[in-house]
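Below is one structure; the comments refer to it alone.
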Amino acid sequence: MTATTSTLGELDRRYVFHPFTAAGAHERDGGPAMIVSGSGSTLTAADGTTYLDAMAGLWCVNVGYGRREIADALQSQALRLPYYHGFSSMATDQPALLAERIIRLTGDLGMSKVFFGSSGSDANDTQLKLVWHYNNLLGRREKKKVIARSRGYHGVTIASASLTGLPAMHAQFDLPLPMIRHVSPPYALWEKQPGEDDAAFVARLADELEQRILAEGPETVAAFIAEPVQAAGGVIPPPDGYFPAIQAVLRKYDVLLIADEVVSGFGRLGAWFGSHLLGIEPDLMTIAKGVTSAYVPLSGCVVSDRVWEVLARDGGAFQHGYTYSAHPLAAAAALANLDLVEHGGLIEQAARRGERLRAELHAAFDGHELVGEIRGIGLVAALEFVAERGERPVRFDPALAVGARITRACLEHGLITRALPAADTISFSPPFTITEAEIDTIVTVAREAVDQVADELARAKA
């Protein structure tokens, strides 16, 4: 049977439970589009409507849609060996090749091994187990608390959602877990005090972290987790010197640093990893998304020499793993994807396209009545909207849903952006293969959408 567009929509409404979606409303009304194909940076819906994807899916389709090189690698691997597990020292070739390549790409960060999973969420869940196991082996059984940051995004499992610093993701599920703590993010627009420069802001954030460790008891604090750039929490790059200052505190109290590179890794910031760009020296790294450009689910916990030396002392089996850990099909996709990124000059291209995107955003929005800040790094950027601009801007009433209205207006004009949670912010994170002309289209359509919503707000006030 050939499904029509209306049949597909009905099947979706009746049978698919969508993530981060109002369940009853979707069952009743359906969604805005049924995507059926993609090429480059363009998606096509079942009704023939095309959309320019300024978000690369969810920050992840870095090499663009429809890359035959990855499809061919998947076909070849599926015919040769579609699956075998990695339990009890059993091995397959593709994960071994991929792990070696990832460690090589991390360069001088001092990494040793990769534990594979399927999503950034499960990888951050695994990170907590690694941290706890590490401290148990050292005889420090009380050293189990993990400090994350408000507005951080680390996933949706029970453990990783607890690390995530977005209250809406806690309320429905009685989270966070009791051993998780949160400190302030480096969110200058709202967290900086009047007259405070970057150096003073960084010093204050580092002091806050130190005071929290002391209040909890350093003997109980095991790790600190942070994205190089907070992505879903607002596209928040840290001020200069932030991570060196934070790391000095962590080393003082023997607290491990987990760098969540799920969005930042594999070129999104214009370098292989955000850790390289921002002076981060992680004990553990979390990877996902860009490792396969999301063609197949794959994640990893990258373990440093320091941590591995302790874990390897244990003579017993590591009592953790997934059916799909070290999946050969996913690893084959990752290797093909990394070939495209590494040999196609896509990281350098992402850096150039990012510079153009930010320049065009500034040209279009500097001084706009609704735009409180334009920010970004590499090929990721954001616009934050405020009711009143100035040194101490004023937020919109959340009930106005300004960011969500702007993303809907963009979608009506064929552009996919994303409204970020707990802020009137929209983000841009297109494929590395985005063209300069497509960047110009992104900014032009975004300006039209912002002006449309600005006019609606003005009329509502009148």
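Restrict the check to region 318-329 and report whether at least one residue is of a type outside the set (Phe, Trp, Tyr), buried (at least 22 other Cβ atoms within 10 Å of the Cβ), in contact with a strand residue (DSSP E or B) (Cβ under 6 Å, 6 or more places away or on another chain) and over 30 Å from residue 208 (Cα atoms).
yes
Kindly indicate which of 424, 397 is more than 21 Å from the chain's Cα centre (by Cα), acidic (Asp, Glu) and assigned by TED's automatic domain parsing to the domain that holds residue 40.
397
Would you confirm whether or not region 291-311 contains a residue that is among the hydrophobic types (A, V, I, L, M, F, W, C) and either free of Cβ contacts under 8 Å to residues at least 40 places away in the same chain or assigned by TED's automatic domain parsing to the domain that holds residue 382 (or both)?
no
Quickly run through region 377-394 and pick out the residues that are part of a strand (DSSP E or B), among the aliphatic types (A, V, I, L, M) and over 26 Å from residue 268 (Cβ atoms).
Once the filter is applied, which keeps residues that are part of a strand (DSSP E or B), among the aliphatic types (A, V, I, L, M) and over 26 Å from residue 268 (Cβ atoms), region 377-394 yields only 394.
Just one of the numbered conditions (1) assigned to a helix (DSSP H, G or I); (2) touching a Leu at 6+ places or on another chain (Cβ under 8 Å) is not true of residue 152; which one?
Tallying (1) assigned to a helix (DSSP H, G or I); (2) touching a Leu at 6+ places or on another chain (Cβ under 8 Å), residue 152 fails exactly one: (1).
Only one of 375, 392 is buried (at least 19 other Cβ atoms within 10 Å of the Cβ), farther than 30 Å from residue 44 by Cβ, assigned by TED's automatic domain parsing to the domain that holds residue 51 and charged (D, E, K, R); which? Reasoning before the result, please.
Details: 392 fails: buried (at least 19 other Cβ atoms within 10 Å of the Cβ).
None of the others qualify; the one that does is 375.
Residue-by-condition table, conditions (1) of a type in the set (S, T, N, Q); (2) closer than 30 Å to residue 421 by Cα:
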position: 111; (1), (2): no, no
position: 116; (1), (2): no, yes
position: 126; (1), (2): yes, yes
position: 131; (1), (2): no, yes
position: 142; (1), (2): no, no
position: 149; (1), (2): no, yes
position: 155; (1), (2): no, yes
position: 159; (1), (2): no, yes
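Of a type outside the set (Phe, Trp, Tyr), buried (at least 19 other Cβ atoms within 10 Å of the Cβ), in a helix (DSSP H, G or I) and over 22 Å from the mean Cα position of the chain (by Cα) - does that describe any residue in region 332-343?
Yes, because at least one residue in region 332-343 is of a type outside the set (Phe, Trp, Tyr), buried (at least 19 other Cβ atoms within 10 Å of the Cβ), in a helix (DSSP H, G or I) and over 22 Å from the mean Cα position of the chain (by Cα).
With respect to residue 213, determine if the residue is in a helix (DSSP H, G or I), under 24 Å from residue 143 (Cα atoms) and in the same structural domain as residue 137 (by TED's automatic domain parsing).
Values: in a helix (DSSP H, G or I): yes; under 24 Å from residue 143 (Cα atoms): yes; in the same structural domain as residue 137 (by TED's automatic domain parsing): yes.
Yes.
For residues in region 446-462 being surrounded by fewer than 21 Cβ atoms within 10 Å (Cβ to Cβ) and in contact (Cβ under 8 Å) with a residue 24 or more places away in the chain, which is nearest to the chain's Cα centre (by Cα)?
Top of the filtered list is 447.
Would you please name the residue that is surrounded by the fewest Cβ atoms within 10 Å (Cβ to Cβ), looking only at residues in region 1-20 that are among the hydroxyl-bearing types (Ser, Thr, Tyr) and either at pLDDT 95 or above or assigned to a helix (DSSP H, G or I) (or both)? Explain how you work it out, then say what you get.
The initial filter retains those residues of region 1-20 that are among the hydroxyl-bearing types (Ser, Thr, Tyr), namely 2, 4-7, 15.
Still in the list and also either at pLDDT 95 or above or assigned to a helix (DSSP H, G or I) (or both): 5-7, 15.
Details: 5: 13, 6: 12, 7: 12, 15: 8.
The qualifying residue surrounded by the fewest Cβ atoms within 10 Å (Cβ to Cβ) is 15.
Check off (1) modelled with pLDDT of 95 or more; (2) more than 27 Å from residue 20 (Cα to Cα) for residue 391 and give me the number that stays unchecked.
Of the numbered conditions (1) modelled with pLDDT of 95 or more; (2) more than 27 Å from residue 20 (Cα to Cα), the odd one out for residue 391 is (1).
Would you say residue 262 is in contact with a helix residue (DSSP H, G or I) (Cβ under 8 Å, 6 or more places away or on another chain), in a loop (DSSP other than H, G, I, E, B) and at pLDDT 95 or above?
Against the criterion (in contact with a helix residue (DSSP H, G or I) (Cβ under 8 Å, 6 or more places away or on another chain), in a loop (DSSP other than H, G, I, E, B) and at pLDDT 95 or above), residue 262 qualifies.
Can you tell me which residue within region 395-409, out of those that are part of a helix (DSSP H, G or I) and among the basic types (Lys, Arg), is surrounded by the fewest Cβ atoms within 10 Å (Cβ to Cβ)?
Result: 408.
Being closer than 25 Å to residue 66 by Cβ, in a loop (DSSP other than H, G, I, E, B) and not aliphatic (A, V, I, L, M) is true for just one of 315, 290, 321, 267. Which residue is that?
Just a single option satisfies the conditions, and that option is 267.
Taking the conditions exactly as written (farther than 30 Å from residue 83 by Cβ, of a type outside the set (A, V, I, L, M, F, W, C), free of Cβ contacts under 8 Å to residues at least 40 places away in the same chain and in contact with a Phe, Trp or Tyr (Cβ under 8 Å, 6 or more places away or on another chain)), does residue 376 satisfy them or not?
Numbers: farther than 30 Å from residue 83 by Cβ: yes; of a type outside the set (A, V, I, L, M, F, W, C): yes; free of Cβ contacts under 8 Å to residues at least 40 places away in the same chain: no; in contact with a Phe, Trp or Tyr (Cβ under 8 Å, 6 or more places away or on another chain): yes.
Taking the combined requirement at face value, the residue does not satisfy it.
Quick one: residue 110 ticks every box in (1) buried (at least 16 other Cβ atoms within 10 Å of the Cβ); (2) touching a strand residue (DSSP E or B) at 6+ places or on another chain (Cβ under 8 Å) except a single one, so which number is it?
It fails just one condition, (1).
For region 44-64, state whether one or more residues are assigned by TED's automatic domain parsing to the domain that holds residue 431, small (Gly, Ala, Ser), in a strand (DSSP E or B) and more than 26 Å from residue 346 (Cα to Cα).
For region 44-64, residues assigned by TED's automatic domain parsing to the domain that holds residue 431, small (Gly, Ala, Ser), in a strand (DSSP E or B) and more than 26 Å from residue 346 (Cα to Cα): present.
Quick one: count up the residues across region 1-49 that are polar (S, T, N, Q) and more than 25 Å from the chain's Cα centre (by Cα).
Qualifying residue count, region 1-49: 6.
The values are calculated or read from the model by the stated rules, or taken from the named source; none is laboratory data. From a predicted model like this one, the values you see are computed outputs, not experimental measurements. Cβ coordinates were reconstructed from backbone atoms using ideal geometry, including for glycine residues, and neighbour counts include every protein chain displayed.
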